[in-house]
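Notes follow once the structure below has been shown.
The values are calculated or read from the model by the stated rules, or taken from the named source; none is laboratory data. Since this is a predicted model, take the numbers as computed values, not measurements. A quick note on method: Cβ atoms are made from the backbone with ideal geometry, for glycine too, and the neighbour counts reach across all protein chains shown. Surface accessibility is based on the protein's heavy atoms, side chains included, excluding ligands, DNA and RNA. Shrake-Rupley method; radii C 1.70, N 1.55, O 1.52, S 1.80 Å.
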Amino acid sequence: MSEKTHLTGLTREELERFVEGMGEPAYRGRQIFAALQRRRLRSFDEMTDLPKNFRARLSEVATASALTVESRYTASDGTRRYLLKTHDNLPVETVFIPEERRDTVCFSSQSGCPLQCDFCLTAKLGLLRTLTAGEMVEQIIIALNDAYGAPTPRGTNLVAMGAGEPLLAFDPLMKALRVMADAEGLFIVPNRVTVSTAGIAPKIRELARAEDRPHLAVSLAAPDDELRDRLMPINKRWPLLELLDACKEFEESLRPGERFTFEYVLLDGVNDTDEHARRLARLLNRHQFRAKVNLIPHNPADELPYGSSTEERVRSFKRILESKGVHAFVRRPRGRDIYAACGQLAARRVGDAAAPALHQLT
């Protein structure tokens, strides 16, 4: 498997060159791209518009699928979590979030995560490895196939907010976004994609210069360096001043109507007081950000030493931000009962009855 080329991660042009290297005409590459990306097929046997002998040759040097579905869990609110495995037996998790107007797929950029944020269950895994572009794209295909079957009835938003730090997977992430944006394939353009980062300042600057970039959300979790050092150790490498300077550079690339997003996980009695809210407002206003803040009540777990802020505390925090001119929104947890909510992805198995194996899911 490791020696075979994962075709799901190739652009249309790369697939044309790939088949030409096999002595086939370029249009065969376009056929394969359409089969993988538009029809969302995950095996060469299903590509019956290709000659049988060519499919056999393809199988010797390439693969259409690098992920297997170990389990699928469905939450009481309709959220689905997919526990996938890579060819080298590492866990990958993807979440499908049904919404009234447009559904969202939350995908992972790494197996595990290296950043050790103190309030995140994924951090307990550590970094296992960074995913390839093909493994990122295939997560979307698996989720869409399961949710919709062959046709996709409406547009889908993507968020790189699953396991891992997306900006530490910058090159494969941007490659995956290029593949998915192709109008002959999934046609999910960067304007429908949001990348969430813990604050990799140099990559934020690089993303700002990218021609077809996605939206960006930056997780803060604290209004000062002392607290953020404890909650998000990456802050010791790029403290708030440097991080916000990079964010200002990114803000210069905003399109008309686009707004910068900060995320703030609310931890009971740790970072959720009225004073924390006032200090956060002062921090953002001092830098004159044209931004909104998504407030995320913490999703607790036995292994984590934090509780979730009360509804009253969340409302008070939001009210203070808004009184200081900061646009604030509360992001309600989805899929908490199946370990699918923000910060909960840690390859958990919920129970055999709730999680039927779906190895044949296509």
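One table, with the values for the structure above:
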| item | result |
| --- | --- |
| Residue in the stretch 43-83 that is farthest from ARG28 (Cα to Cα), counting only those that are part of a helix (DSSP H, G or I) and open to solvent by less than 10 Å² (accessible area, probe 1.4 Å) | LEU58 |
| Only listed residue being under 21 Å from the mean Cα position of the chain (by Cα), over 21 Å from ILE296 (Cβ atoms) and in contact (Cβ under 8 Å) with a residue 24 or more places away in the chain, chosen from LEU254, LEU243, LEU266 | LEU254 |
| Yes/no for ALA160 being at pLDDT 95 or above, small (Gly, Ala, Ser) and open to solvent by less than 10 Å² (accessible area, probe 1.4 Å) | no |
| Residue within the stretch 244-260 that is hydroxyl-bearing (Ser, Thr, Tyr) and within 15 Å of CYS120 (Cα to Cα) present | no |
| Filter result for the condition that a residue is touching a strand residue (DSSP E or B) at 6+ places or on another chain (Cβ under 8 Å) and touching a residue at least 12 places away in the same chain (Cβ under 8 Å), over ALA62, ALA34 | ALA62 |
| Flag for GLU184 being of a type in the set (Asp, Glu) and more than 13 Å from the chain's Cα centre (by Cα) | yes |
| Subset tally (residues that are open to solvent by less than 50 Å² (accessible area, probe 1.4 Å), within 19 Å of PHE119 (Cβ to Cβ) and in a helix (DSSP H, G or I)) for the stretch 277-300 | 2 |
| Among the candidates ARG28, ARG17, residue that is in contact with a helix residue (DSSP H, G or I) (Cβ under 6 Å, 6 or more places away or on another chain), modelled with pLDDT of 95 or more and either part of a helix (DSSP H, G or I) or surrounded by fewer than 19 Cβ atoms within 10 Å (Cβ to Cβ) (or both) | ARG28 |
| Matching residues, the stretch 1-55, being more than 21 Å from LEU144 (Cβ to Cβ) and aliphatic (A, V, I, L, M) | MET1, VAL19, MET22, ALA26, LEU50 |
| Qualifying residues in the stretch 173-192 (those that are in a loop (DSSP other than H, G, I, E, B) and out of contact with any Lys or Arg (no Cβ under 7 Å at 6 or more places or on another chain)) - the one most open to solvent (accessible area, probe 1.4 Å) | PHE187 |
| Failed criterion for ILE296 (all others in (1) modelled with pLDDT under 90; (2) out of contact with any helix residue (DSSP H, G or I) (no Cβ under 8 Å at 6 or more places or on another chain) hold) | (1) |
| Condition check for ALA210: more than 17 Å from the chain's Cα centre (by Cα), modelled with pLDDT under 95 and not hydroxyl-bearing (Ser, Thr, Tyr) | yes |
| Residue match in the stretch 101-115 (condition: touching a Lys or Arg at 6+ places or on another chain (Cβ under 9 Å), closer than 21 Å to LEU144 by Cβ and open to solvent by 20 Å² or more (accessible area, probe 1.4 Å)) | yes |
| Any chance GLU322 is surrounded by 13 or more Cβ atoms within 10 Å (Cβ to Cβ) and either in contact with a strand residue (DSSP E or B) (Cβ under 7 Å, 6 or more places away or on another chain) or part of a helix (DSSP H, G or I) (or both) | yes |
| Qualifying residue in the stretch 259-276 (condition: touching a Gly at 6+ places or on another chain (Cβ under 9 Å), surrounded by 17 or more Cβ atoms within 10 Å (Cβ to Cβ) and in a helix (DSSP H, G or I)) | no |
| Condition broken by THR261, with the remaining ones in (1) touching a strand residue (DSSP E or B) at 6+ places or on another chain (Cβ under 8 Å); (2) closer than 28 Å to VAL95 by Cα; (3) at pLDDT below 90 satisfied | (3) |
| Qualifying positions in the stretch 115-137 - closer than 13 Å to ALA169 by Cβ, among the charged types (D, E, K, R) and not in a helix (DSSP H, G or I) | ARG129 |
| Yes/no for ARG255 being open to solvent by 10 Å² or more (accessible area, probe 1.4 Å), of a type in the set (Lys, Arg) and part of a helix (DSSP H, G or I) | no |
| Selection count where residues are more than 20 Å from TYR73 (Cα to Cα), open to solvent by 10 Å² or more (accessible area, probe 1.4 Å) and free of Cβ contacts under 8 Å to residues at least 60 places away in the same chain, scope the stretch 124-157 | 11 |
